[in-house]
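See structure below.
The values are calculated or read from the model by the stated rules, or taken from the named source; none is laboratory data. No experiment lies behind these values; they were computed from the predicted model shown. Cβ sites come from the backbone with ideal geometry, for glycine too, and all protein chains shown count toward neighbours.
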Amino acid sequence: MKILLLGHKGMLGSDLLLKLSREHEVIGMDKEEIDIVSVNECKKAIEETKPDIVINAAAYTNVDGCETAKQDCFAVNAEAVKNIAEACRDKKIRIIHFSTDYVFDGTAKQPYKEDDKCNPINVYGESKLAGERYLQSLSDNYLLIRTSWLYGVKGKNFVQTILEKAKAKSFIDDTMAKAKAKTEGPSTLSVVDDQIGSPTYTKDLAAAVDLLIDKNAQGIFHVTNSGSCSWHQFAVRILQESGFNNIEVLPIKSAELKRPAIRPAYSILSMQKFIRTTGKTTQPWQLALQDYLKNCKLQN
Ligand SMILES: NC(=O)c1ccc[n+]([C@@H]2O[C@H](COP(=O)([O-])OP(=O)(O)OC[C@H]3O[C@@H](n4cnc5c(N)ncnc54)[C@H](OP(=O)(O)O)[C@@H]3O)[C@@H](O)[C@H]2O)c1
């Protein structure tokens, strides 16, 4: 199949490019080649490439930034989805698009299913939901994948941030760290423990997308790595796996961080539909993290 992949330089886009190029002809376009906010550029790209599938991995993903740059955020996350859906509509081109756990308000007590009520509590979530609505109303041949807490080799992400902070605070050499701890006390990092979700490695998500393409899946699907944790538990695991045994991770509450965007307290997505459809599941987030850290080492 011929696939037009928008946002192929992003965190998820780069893993999709690697995975899907093995079996398909993939044409990647990112900001340098296209502005998906432009109706004409979307039309032109689709007319010229004549794809069987358009995958949209491009988005405005700065969740806090969306609170102030509302117009730009809606242009990329909502209006651009309308442009892509309209450009594909008459040509019966299939669209694969990504959305987020942040379309939910986080008040659930059990994993969110695909048809549960959406009620975003920040601008990013509102813009992604508006994109979902455009896709659903303008296309009858779409796959909409909601995912959460992404990290990947080609992108700024939570794992990388924690490791950078840890490196700055600590000496990996144990003896030096012990000496430092004696004089200054142990190094600490503060991470929120009142948001629960499922960290997801973009390489595993790309493999799941490939499976859904093979099954010709249609409609909404939730895809994450298996299992769940708080950001605090995730940070503890990242440091353990990376040998930073001398850093203490202190649990704090989201309110203490005073970030511009509120995040849902609970955003675990149910994988049941994906499992029923593909007969497969994704690996636990702990194993995915190990894979990611190994792959990062190989790349350095
Ligand atoms: N990151 C997460 O934790 C997370 C969680 C849940 C769902 N998602 C969803 O998963 C998808 C992939 O996310 P990601 O984190 O991989 O995204 P990302 O790393 O931010 O990549 C997005 C790509 O889109 C490009 N882009 C932005 N605006 C564009 C425009 N107007 N025209 C063309 N390209 C444009 C970006 O270029 P620049 O970098 O130059 O701006 C970047 O290369 C998105 O739909 C996102 O909403 C992400």
* Asked: Given the structure, is L212 modelled with pLDDT of 95 or more and under 23 Å from Y102 (Cα atoms)?
  -> yes
* Asked: Can you find even one residue in region 71-79 that is free of Cβ contacts under 8 Å to residues at least 40 places away in the same chain and either assigned to a strand (DSSP E or B) or within 9 Å of the ligand (Cβ to nearest atom) (or both)?
  -> yes
* Hey, does region 129-137 have a residue that's under 21 Å from F274 (Cβ atoms), modelled with pLDDT of 95 or more, touching a His at 6+ places or on another chain (Cβ under 9 Å) and of a type in the set (D, E)? -> yes
* Count - residues of region 10-52 that are closer than 23 Å to T202 by Cβ, of a type in the set (V, I, T) and away from the ligand (no atom under 13 Å from the Cβ) -> 2
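Rundown of residues vs (1) free of Cβ contacts under 8 Å to residues at least 40 places away in the same chain; (2) assigned to a loop (DSSP other than H, G, I, E, B), yes/no style:
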| residue | (1), (2) |
| --- | --- |
| Q233 | no, no |
| R237 | no, no |
| E248 | no, no |
| A255 | yes, no |
| I262 | no, yes |
| F274 | no, no |
| T282 | no, yes |
| L293 | no, no |
* To do: Would you please name the residue that is surrounded by the most Cβ atoms within 10 Å (Cβ to Cβ), looking only at residues in region 139-155 that are assigned to a loop (DSSP other than H, G, I, E, B) and not aliphatic (A, V, I, L, M)?
  => G152
* Asked: Out of all the residues in region 100-109, is one or more within 22 Å of I55 (Cα to Cα), touching a residue at least 60 places away in the same chain (Cβ under 8 Å) and in a helix (DSSP H, G or I)?
  -> yes
* Asked: Any residue at all in region 156-169 that is assigned to a loop (DSSP other than H, G, I, E, B), within 12 Å of the ligand (Cβ to nearest atom) and surrounded by 16 or more Cβ atoms within 10 Å (Cβ to Cβ)?
  -> yes
* Scan I84, I145, I121 and give me the residue that is within 18 Å of I268 (Cβ to Cβ) and within 12 Å of the ligand (Cβ to nearest atom). => I145
* **Out of F98, F104, sole residue that is over 25 Å from S38 (Cα atoms) and aromatic (F, W, Y)** => F104
